[in-house]
1. Measuring from label point to label point, each 7 Å out along Cα→Cβ, what is the A:ALA273 to A:ALA34 span in nm?
2. Using only Cα atoms, what is the ratio of the radius of gyration of the stretch A:59-198 to 2.2 N^0.38 Å?
3. Work from the charge dipole of the stretch A:61-144 (Cβ charges, +1 for Lys and Arg, -1 for Asp and Glu, about the Cα centre) and give the residue of A:PRO118, A:PHE141, A:ALA65 farthest towards its positive end.
4. Once label points are set 7 Å from the Cα along Cα→Cβ at both A:ALA264 and A:LEU179, what is their separation, rounded to one decimal in nm?
5. Subtracting the Cα-Cα distance from 0.36 nm times the residue separation, let me have the gained length for A:THR208 to A:LEU132 in nm, one decimal.
6. Mind jotting down the three principal axis lengths of the stretch A:32-114 based on Cα atoms? Whole angstrom, largest first.
Amino acid sequence: MTAVRVIHATNRQKGKGSVEIMEEAAGLVRRASAADLCCYCLGTFPFVSYFLLFFSRRSGAEGCAGLVSDSLALSFLFLWMKYWQSVYASRLLAGVRNERKEFLLPCRQAAVQTVFQPWSLFLLPLSLLLTLPFPWCFAFFQNVTVLGAEGDVRTVFRRAYRQSLLFPAQNLLVILFVLNLSLIVYLNLCAASFLIPLLIKKLLGIETVFSRSHHFLFTPSFLLFLAVLTYLCVDPFVKAAYVLRCYYGECRETGAHLLSELRALRRSAARSAALLLTATFLLAAPRYLSSGKTEGLLISGSVPFDRKGVDAFPGDPVP
Amino acid sequence: MRKRPGVKFRFLSGKMKDICRGSAIRMGNGHPLSVVVTLFAVAVGVFVLWSVFYSLGRVLVHVPSRVVPDGIAGLLLDKP
């Protein structure tokens, strides 16, 4: 009973502030390499493009024709996206831990995502309807993406569940922050799509389809396009925020931050030792050669080169 | 020494238990059953996903081409 109370008390600890977490997430995304961002784009762009096509086909004249094959293709692209997002998140996590970024066990990672992520499409709307369990559900599925490469299905489930219970206040504030950010980005994109054609018309005098009428702003396809753009802008930061949450949760249990700092120290020590050695060699070699102590080097070999026509070395015996 | 009865049976049941314990939606531990269970979970996931997108497609057929009716949009903006 006491142990349960202790666990609940530690879970309720505040952790870092949500703004601080989001700032760190922004820093993490900015520090991410091009390969990391490529991983994200490689997974997300095909799904998003096909989803827009699917939407325009279904709401257009085609109706239900080819719906079975379209939805199957969309399902596989969704799984493809989740796999690459998991790769992106695990690479960010490796960066935070100061580990090497590697592609590990793609089959297992894909299987983990395929087992869990489809249920997010059911459970997230349901939890949103019930309101209260939404933050935990959202955190759980984000954690599955982040920890997808950390083990088999059971291990990932257990760890993602445990991490989703940590710092509930922080989790809720991060979600509210992300919601506000998404809304602001969406409104900005709406304003930009309304104003840019007008500006082009006023400043350059170029008439476009968009400047002739603003009715395109009210079409569902265009509104969905803006929503998709908003998702693409905000989601990398959300993934980075949950990477940090998982990392800090892990640090509390295992002291991973100490190992991470030790790794960074070891790496910097090795780098500075290599620099020191190079500098010593570069500085010492010319002085050593100019001091005339090269005799030993020459004697150690049999005949280094033809010495005819070469001035006698200072230590040579006089013939 | 006389062999105790039921040792073989107990050994077999232990093996089966091990297999079942190891296979609870776990992949890659070498048990064929675990692989089968994981593949089944994967297939269920794909089916769930397909059914969600299929239902979405059925719903989208009824989405109107404009969110706001032309009358309201015409009041707000210049109609071409």
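Laboratory data are not the source of any read-out in this text; all were calculated from the coordinates shown. The model shown is predicted, which means the values in this text are computed figures rather than measured ones. We place every Cβ from the backbone using ideal geometry, glycine too, and count neighbours over all the protein chains shown.
1. About 3.3 nm separates the two model spin labels.
2. On the way: Rg = 18.1 Å, N = 140, 2.2 N^0.38 = 14.4 Å.
Relative to the 2.2 N^0.38 Å estimate, the stretch A:59-198 comes out at 1.26.
3. A:PHE141
4. Simple spin-label model gives 3.4 nm for this pair.
5. Here the segment from A:THR208 to A:LEU132 would lengthen by 22.7 nm.
6. Principal-axis extents of the Cα atoms in the stretch A:32-114, largest first: 53, 24, 12 Å.
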